[in-house]
1. Here are N277, N284, N350, N345: which of them is more than 19 Å from the chain's Cα centre (by Cα) and modelled with pLDDT of 95 or more?
2. Do any helices (runs of 4 or more DSSP H) entirely within the range 46-164 hold 2 or more residues that are more than 18 Å from W306 (Cβ to Cβ) and open to solvent by 40 Å² or more (accessible area, probe 1.4 Å), and if so, which?
3. Is it true that G258 is assigned to a loop (DSSP other than H, G, I, E, B), closer than 23 Å to A326 by Cα and not β-branched (V, I, T)?
4. With the condition kept exactly as written, say whether any residue in the range 254-264 is surrounded by fewer than 24 Cβ atoms within 10 Å (Cβ to Cβ) and farther than 17 Å from S43 by Cα.
5. Would you be able to tell me the number of residues in the range 200-210 that are without any contact (Cβ under 8 Å) to a residue 40 or more places away in the chain and either crowded, with 18+ Cβ neighbours inside 10 Å or among the polar types (S, T, N, Q) (or both)?
6. Within the range 304-317, count every residue that is open to solvent by less than 10 Å² (accessible area, probe 1.4 Å), over 18 Å from G226 (Cβ atoms) and of a type outside the set (A, V, I, L, M, F, W, C).
7. Has the range 226-240 got any residue that is on the phi > 0 side of the Ramachandran plot, out of contact with any strand residue (DSSP E or B) (no Cβ under 7 Å at 6 or more places or on another chain) and either among the basic types (K, R) or at pLDDT below 95 (or both)?
Amino acid sequence: MKTTYKIMASFCALYSGVALSNAASSGNGLPPLSLDVEQVTVSGLSSGGYMATQFHIAHSDWVKGAGIIAAGPYYCAQNDITTALNQCVNKVDTPINLDALSSVAIDYTNEGSIAPLTGLKDAKVWLFHGTNDVRVTAQASDLLYRQYQSWTDTQNIVYVNDQSAAHHFPTLNEGSNCSVSESPFIGNCNYDAAGNMLNHLLPNLTAPDDSVSGKVYTISQQKLAGSDGETLAEKGFVFVPENCAAGDSCSLHISFHGCNQYAEVVGNSYVTKTGINRWADDNNIVVLYPQTKKSLFMPLNPQGCWDWWGYTSDDYANRKGAQISAVANMIKGINTGAINKPTTNTGTANND
């Protein structure tokens with residue numbers, strides 16, 4: 001696997017930002033949470049979209065839905081940064097062999113390093129690619145759609161590809177001009193991506209009101225993830241609605257930021273401005289926002305991307321991968337309430 005700073009400096013994703021504001025670091029002590037860890041949903045943008053797909057496929061026995069913005073098919077990079085840049089981002093120099101990529105998932109299933117692919121059959125999948133997105137090609141997103149079609153009942157898949165959004169997370173009224181991709185990569189598009197996504201992934205949601213009463217709490221990712229969290233930031237974030245803080249049993253959604261969209265760079269923008277919290281607040285959904293960090297040394301990751309090309313290990317896309325394992329450990333660590341103790345298998349897959 002070849003990794004150079006020059007190559008990474010040209011990488012696709014997301015740039016610039018500000019220091020983390022007090023709004024996202026105000027939580028002192030996460031309250032006990034009782035989470036339904038058998039019906040988790042995930043989402044992500046760009047490198048976070050690739051990670052959301054990887055996490056979903058690795059744990060489809062208990063991750064039941066995925067919302068993915070601007071990302072290509074599972075295992076697109078094939079454990080190589082050069083392949084990632086030449087096929088999976090803003091260009092496709094050579095055709096992508098989708099069957100070969102999907103066969104890797106079959107091999108992982110057979111060896112028990114991801115959940116059986118049959119678990120994807122009833123999953124809910126929501127995909128988005130903006131017509132003004134020049135950072136990730138429509139062809140890459142189309143291939144992700146085709147790949148999910150081979151695993152998931154087609155009536156459970158929504159693919160939105162007719163919105164004039166650039167490479168960012170589209171919102172109703174937050175962020176930059178919808179046609180521009182710039183830090184913090186939140187787009188003011190008069191389009192509620194968070195609401196459309198969550199309403200597809202989760203049943204019978206209540207429309208949110210104008211206020212958000214829940215709070216964002218800071219967690220120690222290093223403490224919760226252990227050695228698997230070495231490539232992650234010290235701090236991660238959890239949005240907790242009031243009812244969930246009071247002890248109600250709640251759903252869990254995990255949202256993965258994009259490259260150069262981690263909190264040290266863009267502050268609380270991704271954690272608070274995508275619109276996810278607005279829907280979560282009135283629907284008893286706890287939201288985990290795990291955070292990466294940049295690295296100018298090996299493993300090289302100067303833009304703080306999630307690992308979708310193999311900078312952590314060859315197992316980056318399966319349950320053995322450090323980042324996938326780290327986030328699974330975070331789930332166990334924050335699910336401390338008495339109502340619903342964690343029963344999730346976050347280790348080796350079984351093929352019962």
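1. Details: N277 fails: more than 19 Å from the chain's Cα centre (by Cα); N350 fails: modelled with pLDDT of 95 or more; N345 fails: modelled with pLDDT of 95 or more.
Being more than 19 Å from the chain's Cα centre (by Cα) and modelled with pLDDT of 95 or more holds for just one of N277, N284, N350, N345, which is N284.
2. Values: elements: 47-58, 81-87, 98-111, 138-151.
Those helices (runs of 4 or more DSSP H) span 81-87, 98-111, 138-151.
3. Numbers: assigned to a loop (DSSP other than H, G, I, E, B): yes; closer than 23 Å to A326 by Cα: yes; not β-branched (V, I, T): yes.
Spelling it out, G258 is indeed assigned to a loop (DSSP other than H, G, I, E, B), closer than 23 Å to A326 by Cα and not β-branched (V, I, T).
4. Yes, the range 254-264 contains at least one residue that is surrounded by fewer than 24 Cβ atoms within 10 Å (Cβ to Cβ) and farther than 17 Å from S43 by Cα.
5. Step one: list which residues in the range 200-210 are without any contact (Cβ under 8 Å) to a residue 40 or more places away in the chain, which gives 203-204, 210.
With either crowded, with 18+ Cβ neighbours inside 10 Å or among the polar types (S, T, N, Q) (or both) added as a condition, the list becomes 204.
Result for the range 200-210: 1.
6. Taking the range 304-317 first, the residues open to solvent by less than 10 Å² (accessible area, probe 1.4 Å) are 304-310, 316-317.
This time we only want the ones that are over 18 Å from G226 (Cβ atoms), so: 304-306, 308-310, 317.
Then keep just the ones that are of a type outside the set (A, V, I, L, M, F, W, C); that gives 304, 310.
Summing the residues that are open to solvent by less than 10 Å² (accessible area, probe 1.4 Å), over 18 Å from G226 (Cβ atoms) and of a type outside the set (A, V, I, L, M, F, W, C) in the range 304-317 gives 2.
7. As a first pass, look at the range 226-240 and keep what is on the phi > 0 side of the Ramachandran plot: 226.
Retained after the next criterion (residues that are out of contact with any strand residue (DSSP E or B) (no Cβ under 7 Å at 6 or more places or on another chain)): 226.
Adding the requirement that they be either among the basic types (K, R) or at pLDDT below 95 (or both) leaves 226.
Yes, the range 226-240 contains a residue that is on the phi > 0 side of the Ramachandran plot, out of contact with any strand residue (DSSP E or B) (no Cβ under 7 Å at 6 or more places or on another chain) and either among the basic types (K, R) or at pLDDT below 95 (or both).
Residues checked against (1) closer than 16 Å to T274 by Cα; (2) assigned to a strand (DSSP E or B); (3) of a type in the set (D, E, K, R):
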residue	(1), (2), (3)
L205	no, no, no
S211	yes, no, no
Y217	no, yes, no
Q222	no, no, no
G226	no, no, no
F237	yes, yes, no
C244	no, no, no
G247	no, no, no
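The values are calculated or read from the model by the stated rules, or taken from the named source; none is laboratory data. None of these values were measured; they are calculated from a predicted model. Virtual Cβ from ideal backbone geometry, glycine too; neighbours counted across all protein chains shown. Accessible surface areas use protein heavy atoms only, side chains included; no ligands, DNA or RNA. Shrake-Rupley method; radii C 1.70, N 1.55, O 1.52, S 1.80 Å.
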